[in-house]
Structure formats: C-alpha cells, structure tokens
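Enquirer: Just dropping this structure here.
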Amino acid sequence: MLDPRRSKWATFCTLVLALWVTPAPAQQVEDDPFLWLEEVEGERALAWVEARNAETVAELGTHPWFQALQGDLLEILTSDERLVYPSTRGDMVYNFWTDAEHERGIYRRTTLGQYLAGDPEWETVLDIDALALEEGVPWAFGGIDCLGPEYRQCMVALSRGGSDATEAREFDLIDAHFVDGGFHVAEAKSSMGWVDANTLLVATDWGEGALTTSGYARIAKLWTRGTPISEAVPLYEGAVEDVAVFAGSVETRAGTMAVVQHRPSFFEGTMYVYRGGPLVKVDIPIDADPGFVGDQLTVFVRDPWEVGGRTYTTGSVIAIDFESFLAGDRDFDIVVAPGPRQAVQGSTPAGDFLLVSLLDNVQGQLWKYRKINEDWVGERVDAPPMGSMRLVDVDLHSNRFFFTYSSFTQPTTLYVHADDGRVEEVRRLPAMFESSDQTIEQYEAVSADGTQIPYFVVRRGDIALSGENPTLLYGYGGFEISRTSGYSTTTGKAWLERGGVYAVANIRGGGEFGPEWHRAALLENRQRAYDDFIAVAEDLVARGFTSPEHLGIQGGSNGGLLTGVAMTQRPDLFNAVVVNVPLLDMKRYNKLLAGASWMAEYGNPDIPEQWAYISQYSPYQNLHPDREYPRALFTTTTRDDRVHPGHARKMAAKMLDQGHQIFYFENTEGGHGAGVTPEQRARMIALTYTYLWNQLAPTRPIS
C-alpha cells in the first residue's frame, strides 16, 4: 500500500453499474455474524482457517496441475541462476539471498571487483536461518540501514513471520556481529535514522498514547548511546489522528542528514531537517515530494505550485540550491516537465546525476540529468520499447549506478553505468520460461465515461482469437502505483508458457499518467477504477481473446479490493477470481490495522456522506445469496499486519454461509505477501495457477 515513488525516508510511510448492482443497506457492526474472524489468532478463528485450508489443499493440492506446477516454481524460486542484485557500500557489494539451503536467507558480501568480474566469492555476514533456529523465532529479514561513509554502524530490522512490525538491533557490518549493548528497538512499526555514530533518531511505540489511529508512531525522539531508550529526548510529536510521524536519514555527499516526516494523511507530508538544534521545516506544498542531489533540493510537484513569480506544473521535477532555499530563495530550475502521456515515477541522486524514471504511454524510460552551469541537461539511457527500467543501486560518491531492463518476455538484464559514463551489461537472467514465441501488444478500452484505458496483452503468437483462450487479467488501480511490463518468472512458467493469455490493465487510481490519473479515482470517484477494469475485461472479450467462461482476474491488497468489486458487480463476466491479501469490508477497514491511513484514498465510512458512496461498491456489503458468483479463491496470511486477514476470512465465510462455493488459503507466515520461504511462496503460487487452469480450461491437458 506504500507509494514506491517516495524517497527512502518516506517509504516507511508509503457510478456504480446500476444494471448489475442493487446497493445493500449499511450493515451495522453488531449485525456482522463473522466479526469473530477478525480475532487474528483466536482459537475459533484459527480452527476455521485450518478447516478452510484443508478443504482447499484437499481439492487443489492433489490436482495434477498442482503437482506439475509446484516443482517448476520451487526450482525457479531457489535457482542459483537468479540475478544477484547489488547493494554497494564503498568497495563492497552486499546482497540478500535465499535458496533451498537458506530458506529465510543470508545477508552476504563480496568485493565490487569480484562482483563485476562475474565469479564472486561470497562471505556470509548474517544468517537469518541460523538466527531463527537459535532464538526459536520465525525471523524474516526486514532490511538494514547503515551510517555512511564508513558503513560499520547499522540497524538490522527483523520481522516475525514477515510482518510489517520489526525488531531493530545494532549490527557491526565490518566485523559481522550484533553489537553487545548497542541500540535495540523492540518490535513495533518503527522507523529510524542515524544522526551520527552515537545518536539515533527513532519513531516507535513509546507506550500508551504513542501511536496514531493507523497504528504507526506519532512521536520522534533523539536517543543517545549509553542511555536507556526511555530517556530519549522528544523532538517532534504529531496528533493521534495523523497517519504517522516517521524518522529517517538522508545520505548526501556532504554527510548524513537526519529527517522527520510528519504525515497527517497518506498523500500529505512535511519534512523537517535536524541540524543539532530546533527542527528546520522544508517549506514546500504538503503534497509534494522533496529529495536531494548534491547541494540541490529537488521537489516533485503534484498540484500546480505558484511560487517566486512562476507556476510549476503537475508532475514536474524542480530543483534549487538547498541553503539558498532555506534562506528564502524560491527561484527553482525545471529539471523535467512531462508531457500529457508521460509520468515521472521517481527521482534518485547518484553522484553528479539526478536519475529520473519516466513512463511514456506506460513504457519505461530512465533519464540522467546533470546541472551544467545554470541548466539541467538530460540524457536518456537507451532501452527497447514495451518494457520497464528499474534503478537497483546508486553510489552517492561517484557516478556509478546499477539498473535493470525487462519486459513481459525479455529476461531481466542488469547493467552498470560506470563512473566514466560507459554502460555495460553485468549479467542477464537466463530464460526461465519459453518466451521466444510470445508477443506483447498494447490496446485501449473505452470506460463508462469515455476515457481511454490502456492495457497490455501477452500471448503466444499462434494463439487464435477464438474467444476460447484462458485469459488472466491483472489490475491494481490505487495509491498512484503503476503497473508496467516486466519479466515474471512465475507467471511466465505457470501461465504464458502453457498457453495462457495474460493482460495487465492500466486503470485510473494508478500512477501511469501522473497524479491526475490517480486523483481521478479517489473518494467519491472510486467507481471509475472499477468501470475501467470492467471495460478492459469487456474489450478482451470483444476482440476475441477470450470469453467470460475463460476469463479470470487477479489482484492483491488494493487490487484484491478491485477483484472483489469486479466479482460482485459483474459476476457474469468472469469465471475465476483471485483475491490476494485484500480489503473487502469497507465499513470497517479504517478500524483494522493500518486501514485508517488509507482514508485519503477511499474516504471515511464513519461519515454518512462518505459511506453513501463507499457502500455502493464495498464487496462485503454487496454480496447476495440469490446471485451466482464465480467460485473465487481468497488468499491471505495470518501475519499480515498491514491489511487485516479478517477481510478475506469474513468474505469467504459470508459467501459460504450464503451457499456460494469458494476456495480459501491462509499462510501462517508471510506478512503482506505470499509467504516467507521459497517453499511457502511456491505452494501459494502453485495453488493459484492450479485454480486458474481448473476454472478456465478444465479440459486442457496437464503440461
């Protein structure tokens, strides 16, 4: 649910179809007979989960398709042929790696020279499997944050079963051990950043009254080495009704800068810089994103910003000398102003460059901008069309950076941009599925209000437009997150290689065409996202790719809400519905885990005027016993502490109670995902594709 365009310190934070839907009356909490399923680890609830899991495994887990798929998927997920993504610190390269021997993973390192040469000798720095065994806790690696430029002092985050809440421990990265008596932050949804070698800026659960209604910290404090955390000094305090207060640090060439981010709502925030005294406010619009490159402050503009006698347009990136900005100067330079079919997806500093990820008609580009004299000059990094480019790693102290290119059919390829400007291929992922006969096409569907909605189709070139092809349509449509062409080894192996058609819808609510594309489906306009998705599904049928009998849909998290809505509004249009880690009960979503933080996206169901439009689409409230629905598959995890597993549980239980058939599977680990270990993920994915093949092509030979 977090916006991937936010920079590192902020990513902690980040018309109904009348012919088909008769809105149900608002259902009161006390009338909900399945409220007990919200007790995550309640005995009765877990017994219900165990029974549903057993039913699903008994039918899908013994199906010949499952046997054919699980082994292939596990081989891919544990293959040594996977790309090894670098995280550079000085002359060393670090990498987190899982395989059959290390299910929970190892954090390891080698030299930059060995890594680039292609045959590195890896040294294990931290073994998560061994730690989990030693401590009897199902730890998952939650990341590591180190103080540059020495990168000795680090904070390692450990997640119990893959949940968002983590325990943080100080770690000596050079000598590879936890620091005895070092900084330690108990398990919570915390954020932190280094001030200096002996000071940590922390936002965590400090005790009673320290959390927001979204379950995040609202107080940031300075913690000095050698003192108990209870004596940490308050630095900033937000309101209980805010989404969160986040603490972090930004590494620049000049050093590390500690920052506090106050986020009153999901899409609004103010950054404060700590310089040893009172916090210094970065005074930009509350919905803009700040960043730093060299001595420059950069700003991503969401709404037109009139300042300093000029107006900067939506979606543009502008820059100014930071010290001059703090002194009152507002004469920004324009780095990039995207066109009407373009959208900036993110900007990252790397040495002298500001690297800008851009979408042009939902096709990825990477640009490197550099300030020469008084002008920002941009150069595009070459790449083929119909793909996506992703920045992997940067070095703030040189112009070296790593990036990837991939598409639905081209295996992900890792490149390095050397300090001297040369771009070389580091290594290419071997083909994990047969894609030489696959084609990528881009179409547009017309939504209910006339808006053109682009979507991708991937299929074998010899597939006839007979209307009988098993087709999987994927969508998300929320939180300004874009869905682009990218190489999926599991989708490729389990679906495309075996003759399935795969489509990805670029619906409103996402970020494919910038902030306005996202805002078009907010709050009372949410139905537009669902209309867009349904329009794409209808267009796939109209073009002859498939028919409702052979059409399935899939989405997770907000995408799970999307597929839940699509199923309840147009049950006639689909024969398979995969609903992963979903929101579904929109009457209570704001009362469950991080749900309150998303009210800027959906609205507040406790306000009658807002519940009036939310209730029109909320899947849980729009189920009817006398309507036929596709036999859906609901998946979630017990350890998901972002989107409450009660959503999936209650929806499945209500459908069963009404006499509908469903499948349900809940992993005991995995957080907001499909599992922690490769085996858990392979099982979940194999169950999903077994379900899809059985629903959409039951007579197709097992392959």
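Enquirer: Which residues, counting only those in region 400-438, are more than 17 Å from S388 (Cα to Cα) and of a type in the set (D, E)?
Expert: D419, D420, E424, E434, D437
Enquirer: Quick one: count up the residues across region 353-380 that are open to solvent by 20 Å² or more (accessible area, probe 1.4 Å) and among the aliphatic types (A, V, I, L, M).
Expert: So the count comes out to 2.
Enquirer: Working only within region 77-112, note down all residues that are out of contact with any strand residue (DSSP E or B) (no Cβ under 7 Å at 6 or more places or on another chain) and open to solvent by 50 Å² or more (accessible area, probe 1.4 Å).
Expert: Within region 77-112, D80, E81, R82, A100, E101, E103 qualify.
Enquirer: Further question: Restricting region 229-274 to residues that are out of contact with any Phe, Trp or Tyr (no Cβ under 7 Å at 6 or more places or on another chain) and β-branched (V, I, T), which is most open to solvent (accessible area, probe 1.4 Å)?
Expert: If we take residues in region 229-274 being out of contact with any Phe, Trp or Tyr (no Cβ under 7 Å at 6 or more places or on another chain) and β-branched (V, I, T), then V233 is most open to solvent (accessible area, probe 1.4 Å).
Enquirer: Go through region 326-352 and give me each residue that's surrounded by 15 or more Cβ atoms within 10 Å (Cβ to Cβ), assigned to a loop (DSSP other than H, G, I, E, B) and among the hydrophobic types (A, V, I, L, M, F, W, C).
Expert: Across region 326-352, the qualifying residues are F332, A337.
Enquirer: Further question on the same structure: Name the residue that is nearest to N575 (Cα to Cα), counting only residues in region 450-474 that are aliphatic (A, V, I, L, M) and open to solvent by 10 Å² or more (accessible area, probe 1.4 Å). Full working, then the answer.
Expert: Filtering region 450-474 for residues aliphatic (A, V, I, L, M) gives 453, 457-458, 463-465, 472-473.
Pick out the ones that are also open to solvent by 10 Å² or more (accessible area, probe 1.4 Å) and you get 463-465.
On the way: I463: 20, A464: 20, L465: 19 Å.
That would be L465.
Enquirer: Sticking with this one: Residues of region 302-317 being surrounded by 14 or more Cβ atoms within 10 Å (Cβ to Cβ) and farther than 21 Å from R341 by Cβ, which ones?
Expert: W305, V307
Enquirer: Let me ask something else about it. Residues of region 289-301 being open to solvent by less than 10 Å² (accessible area, probe 1.4 Å) and not in a strand (DSSP E or B), which ones?
Expert: V301
Enquirer: Can you tell me which of (1) among the aliphatic types (A, V, I, L, M); (2) open to solvent by 10 Å² or more (accessible area, probe 1.4 Å); (3) within 21 Å of H647 (Cα to Cα) is the one L562 doesn't meet?
Expert: Evaluating L562 over (1) among the aliphatic types (A, V, I, L, M); (2) open to solvent by 10 Å² or more (accessible area, probe 1.4 Å); (3) within 21 Å of H647 (Cα to Cα) leaves (2) as the failure.
Enquirer: In addition: What's the number of the only condition in (1) among the acidic types (D, E); (2) under 27 Å from the mean Cα position of the chain (by Cα); (3) within 18 Å of D375 (Cα to Cα) that D321 fails to meet?
Expert: If we test D321 against (1) among the acidic types (D, E); (2) under 27 Å from the mean Cα position of the chain (by Cα); (3) within 18 Å of D375 (Cα to Cα), just (2) comes out false.
Enquirer: Still on this structure: Could you identify the single residue in E468, E512, E480 that is acidic (D, E) and more than 20 Å from the chain's Cα centre (by Cα)?
Expert: That would be E468, the only listed residue that is acidic (D, E) and more than 20 Å from the chain's Cα centre (by Cα).
Enquirer: Can I ask one more? A327 - would you say it is over 20 Å from S398 (Cα atoms), over 23 Å from the mean Cα position of the chain (by Cα) and not acidic (D, E)?
Expert: So A327 fits the description; yes.
Enquirer: Residue by residue through region 483-508, note down the ones that are within 20 Å of D360 (Cβ to Cβ) and open to solvent by less than 20 Å² (accessible area, probe 1.4 Å).
Expert: Keep residues of region 483-508 that are within 20 Å of D360 (Cβ to Cβ), which gives 483-487, 504-508.
Across region 483-508, the qualifying residues are S485, V504, A505, N506, I507, R508.
Enquirer: Still on this structure, please answer the following. So which residues in region 583-597 are touching a Pro at 6+ places or on another chain (Cβ under 8 Å) and within 15 Å of F479 (Cβ to Cβ), if there are any at all?
Expert: Result: Y589, single match.
Enquirer: Any residue at all in region 406-415 that's of a type in the set (A, V, I, L, M), modelled with pLDDT of 95 or more, under 25 Å from the mean Cα position of the chain (by Cα) and open to solvent by less than 60 Å² (accessible area, probe 1.4 Å)?
Expert: Yes.
Enquirer: Another question about this same structure. Please specify each residue of region 638-679 satisfying the condition of being open to solvent by 30 Å² or more (accessible area, probe 1.4 Å) and over 23 Å from G552 (Cβ atoms).
Expert: Across region 638-679, the qualifying residues are R639, R642, D657, T668, E679.
Enquirer: While we're on this one: Looking only at region 177-193, which residues are part of a loop (DSSP other than H, G, I, E, B) and over 16 Å from R160 (Cα atoms)?
Expert: V179, D180, G181, G182, F183
Enquirer: Given the conditions (1) within 24 Å of K493 (Cβ to Cβ); (2) in a loop (DSSP other than H, G, I, E, B); (3) small (G, A, S); (4) at pLDDT 95 or above, and given that G659 satisfies all but one, which numbered condition is not satisfied?
Expert: Condition not satisfied by G659: (1).
Enquirer: Considering every residue within region 86-104, establish whether at least one is at pLDDT 95 or above and in a helix (DSSP H, G or I).
Expert: no
Enquirer: What tally of residues in region 49-76 results from selecting those that are open to solvent by 30 Å² or more (accessible area, probe 1.4 Å) and touching a helix residue (DSSP H, G or I) at 6+ places or on another chain (Cβ under 8 Å)?
Expert: Number satisfying all stated conditions: 6.
Enquirer: Sticking with this one: Given the criterion among the aromatic types (F, W, Y) and surrounded by 19 or more Cβ atoms within 10 Å (Cβ to Cβ), identify the matching residue among Y602, Y629.
Expert: Matching residue, one of Y602, Y629: Y602.
Enquirer: Another question, then. Does region 693-702 contain at least one residue that is more than 19 Å from the chain's Cα centre (by Cα), closer than 22 Å to T490 by Cβ, of a type in the set (S, T, N, Q) and surrounded by 24 or more Cβ atoms within 10 Å (Cβ to Cβ)?
Expert: Among the residues of region 693-702, not one is more than 19 Å from the chain's Cα centre (by Cα), closer than 22 Å to T490 by Cβ, of a type in the set (S, T, N, Q) and surrounded by 24 or more Cβ atoms within 10 Å (Cβ to Cβ), which makes the answer no.
Enquirer: Return only the number of the condition from (1) open to solvent by less than 60 Å² (accessible area, probe 1.4 Å); (2) part of a strand (DSSP E or B); (3) under 30 Å from E441 (Cα atoms) that A383 does not satisfy.
Expert: (2)
Enquirer: Out of region 201-234, which residues are within 27 Å of the chain's Cα centre (by Cα), under 15 Å from H184 (Cβ atoms) and of a type in the set (A, V, I, L, M)?
Expert: Here is the first cut: in region 201-234, the residues within 27 Å of the chain's Cα centre (by Cα) are 201-205, 210-220.
Now drop any that are not under 15 Å from H184 (Cβ atoms), which leaves 202, 204-205.
V202, the sole residue that qualifies.
Enquirer: Just to check your reading of the model, which residue among E75, E121, E81, E101 is charged (D, E, K, R), over 21 Å from F401 (Cβ atoms) and in contact with a Pro (Cβ under 7 Å, 6 or more places away or on another chain)? Can you show your working first?
Expert: Values: E75 fails: in contact with a Pro (Cβ under 7 Å, 6 or more places away or on another chain); E121 fails: in contact with a Pro (Cβ under 7 Å, 6 or more places away or on another chain); E101 fails: in contact with a Pro (Cβ under 7 Å, 6 or more places away or on another chain).
After applying the criteria, what remains is E81.
The values are calculated or read from the model by the stated rules, or taken from the named source; none is laboratory data. Here the structure is a predicted model, which means the values were calculated and not measured. Because the Cβ atoms are built from the backbone with ideal geometry, glycine has one as well, and the counts that use them run over all protein chains shown. Surface accessibility is based on the protein's heavy atoms, side chains included, excluding ligands, DNA and RNA. Shrake-Rupley method; radii C 1.70, N 1.55, O 1.52, S 1.80 Å.
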